[in-house]
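> One structure, as structure tokens, below. Some questions next.
The values are calculated or read from the model by the stated rules, or taken from the named source; none is laboratory data. On a predicted model such as this, the values are computed, not experimentally measured, just so you know. Glycine also receives a Cβ, built like all others from the backbone with ideal geometry; neighbour counts cover every protein chain displayed. Side chains included, ligands, DNA and RNA excluded: accessible areas come from the protein's heavy atoms. Shrake-Rupley method; radii C 1.70, N 1.55, O 1.52, S 1.80 Å.
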Amino acid sequence: MNEISKYIMIIGIIVFLIGLIMQFVPIGKLPGDILIKKEHSTFYFPITTCIVISIVLSLVFYFIGKFR
């Protein structure tokens, strides 16, 4: 199998697992997320959720790079 196909399969498995975990962990409704409701529209910007995901991914990639 090609190297690129292995990476694509690993990325697909990771995305699947993240989707499965998100079914049971209520992420996305954290304090600090911006939610504006008007009469006919809703605006939602998950700023705190983005920061938390960024910190977690930074730590994961740091440890992957550290042990490589």
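> Could you tell me whether any residue of the stretch 38-49 is surrounded by 10 or more Cβ atoms within 10 Å (Cβ to Cβ), among the small types (Gly, Ala, Ser) and part of a loop (DSSP other than H, G, I, E, B)?
The first filter runs over the stretch 38-49 and keeps only residues surrounded by 10 or more Cβ atoms within 10 Å (Cβ to Cβ), leaving 44-49.
Filter once more, so that each one left must be among the small types (Gly, Ala, Ser): none.
No, that holds for no residue.
> Any chance you could count how many residues in the stretch 12-37 are part of a helix (DSSP H, G or I), among the hydrophobic types (A, V, I, L, M, F, W, C) and open to solvent by less than 80 Å² (accessible area, probe 1.4 Å)? Spell out the reasoning first.
Taking the stretch 12-37 as the starting set, the residues that turn out to be part of a helix (DSSP H, G or I) are 12-22.
Still in the list and also among the hydrophobic types (A, V, I, L, M, F, W, C): 13-18, 20-22.
Among the residues that remain, those that are also open to solvent by less than 80 Å² (accessible area, probe 1.4 Å) are: none.
Residues in the stretch 12-37 being part of a helix (DSSP H, G or I), among the hydrophobic types (A, V, I, L, M, F, W, C) and open to solvent by less than 80 Å² (accessible area, probe 1.4 Å): 0 in total.
> Here's a follow-up. What pairs can you find where one residue is in the stretch 3-14 and on the phi < 0 side of the Ramachandran plot, the other is open to solvent by 100 Å² or more (accessible area, probe 1.4 Å) and assigned to a helix (DSSP H, G or I), and their Cβ atoms are less than 9 Å apart, with a gap of 6+ or different chains?
Here the result reads none, with nothing in the stretch 3-14 linked to a residue that is open to solvent by 100 Å² or more (accessible area, probe 1.4 Å) and assigned to a helix (DSSP H, G or I).
> Right, something else. Evaluate the following for Lys6: is it charged (D, E, K, R), surrounded by 10 or more Cβ atoms within 10 Å (Cβ to Cβ) and part of a helix (DSSP H, G or I)? Let's see the steps before the verdict.
Numbers: charged (D, E, K, R): yes; surrounded by 10 or more Cβ atoms within 10 Å (Cβ to Cβ): yes; part of a helix (DSSP H, G or I): yes.
Against the criterion (charged (D, E, K, R), surrounded by 10 or more Cβ atoms within 10 Å (Cβ to Cβ) and part of a helix (DSSP H, G or I)), Lys6 qualifies.
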